[in-house]
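Here's the structure we're looking at; comments come further down.
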Amino acid sequence: MSATATDVSHQQLIDLCVADLRSSQARVLETFKFIPDDKLTWSPAPQAKSGLRLMAHLAVSNSGISQLLEGGSLPISNFEELERFVEEQERQITTREQAVEAFNQSCDAYERAIRQVPEGDRDKLLGVGELQAPASFYMRLAGVHHHSHASQIDYLQTCWGDLIPHFPHS
């Protein structure tokens, strides 16, 4: 999304964020479906996330961001705490089906959260500490976050010889 939060009306911002959320969701799902079952939990290094963990990470992150956008809070204030919190939640997702369902549900929740941000609150600071940012940042975050992790899944696929880009064609 090239427009900044101040360049567009509130409704245009919502529409752009939702469109970006849904197009990036489609890319993640398309890329993820090409991970063979025997590679779902494979990672190139012990600290690296597998395709399954990346999908779980997106679902957990989307859910947390939705909470913030809806006026809730998270029990974290820095990136170290965030990593521990998210990792604990990610490990509860153990199958392809769970990951896809959790991701899709989290995208639906994210869209609902974006749509309910009041016009006067787009500059309101959400979160605390290192995670504090304007609501408009969190409204826009899904697209870049999803695309970043879809690219990581693309990379994992090259490690086992799948060199074909898997982009949605619709």
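For Ile164, Ile65, what's the largest-to-smallest order of accessible area, 1.4 Å probe?
Largest to smallest exposure gives the sequence Ile164, Ile65.
What is the gain in length, in nm to one decimal, between Asp37 and Ser23 on full extension, counting 0.36 nm per residue of separation less the C-alpha to C-alpha distance?
Length difference between fully extended and current span is 2.6 nm.
Please list, in chain and number order, the residues 5+ apart from Leu126 or on another chain whose amide H is under 5 Å from its amide H, with Hs placed from the backbone.
Ala133, Ala135
With every protein chain kept in place and ligands, DNA and RNA left out, what is the accessible area per residue of the chain? Probe 1.4 Å, answer in Å².
52
Which ³J(HN,Hα) values, rounded to whole Hz and listed in residue order, are derived for the stretch 154-167 from phi using the Karplus coefficients 6.51, -1.76 and 1.60 in 6.51 cos²θ - 1.76 cosθ + 1.60 with θ = phi - 60°, glycine and proline given as x?
4, 4, 4, 4, 5, 5, 10, x, 7, 9, 8, x, 10, 9
For Glu130, what charge total do you get from the other residues with a beta carbon under 15 Å from its beta carbon, if Lys and Arg give +1 and Asp and Glu give -1?
Net local charge, Glu130 excluded: -2.
Which sequence of Cys17, Cys159 reflects their accessible areas, 1.4 Å probe, from the largest down?
From most exposed to least exposed: Cys159, Cys17.
What does the accessible area of Ser148 come to, in Å² to the nearest 10, when a probe of 1.4 Å is used?
Ignoring ligands and nucleic acids, Ser148 comes out at about 60 Å².
Pop out the carbon and sulfur fraction of the accessible area of the chain as a percent, whole number, probe 1.4 Å.
Within the chain, the accessible surface is 53 percent carbon and sulfur.
Which lysines have a Cα less than 25 Å from the Cα of Lys49, not counting those fewer than 8 places away in the same chain?
Leaving aside lysines fewer than 8 places away in the same chain, those within reach of Lys49 are Lys33, Lys39.
Can you give the FRET efficiency to the nearest 0.05 for Arg91 and Asp162, using r as the Cβ-Cβ distance and R₀ = 22 Å?
FRET efficiency, Arg91 to Asp162: 0.30.
Let me know the whole percent of all Cα-Cα pairs from the stretch 89-170 that are separated by more than 19 Å.
57
Would you mind checking the tilt of helix 96-115 against the longest principal axis of the Cα atoms of the chain, expressed as 0 to 90 degrees and rounded to 10?
10
Past the 20 angstrom mark, what percentage of all C-alpha to C-alpha distances in the chain do you count?
Percent of Cα pairs beyond 20 Å in the chain: 52.
The values are calculated or read from the model by the stated rules, or taken from the named source; none is laboratory data. Computed from a predicted structure; not experimentally measured. Cβ: placed from backbone, ideal geometry, glycine included. Neighbour counts: every protein chain shown. Ligands, DNA and RNA are excluded from the accessible area calculation, which covers all protein heavy atoms including side chains. Shrake-Rupley method; radii C 1.70, N 1.55, O 1.52, S 1.80 Å.
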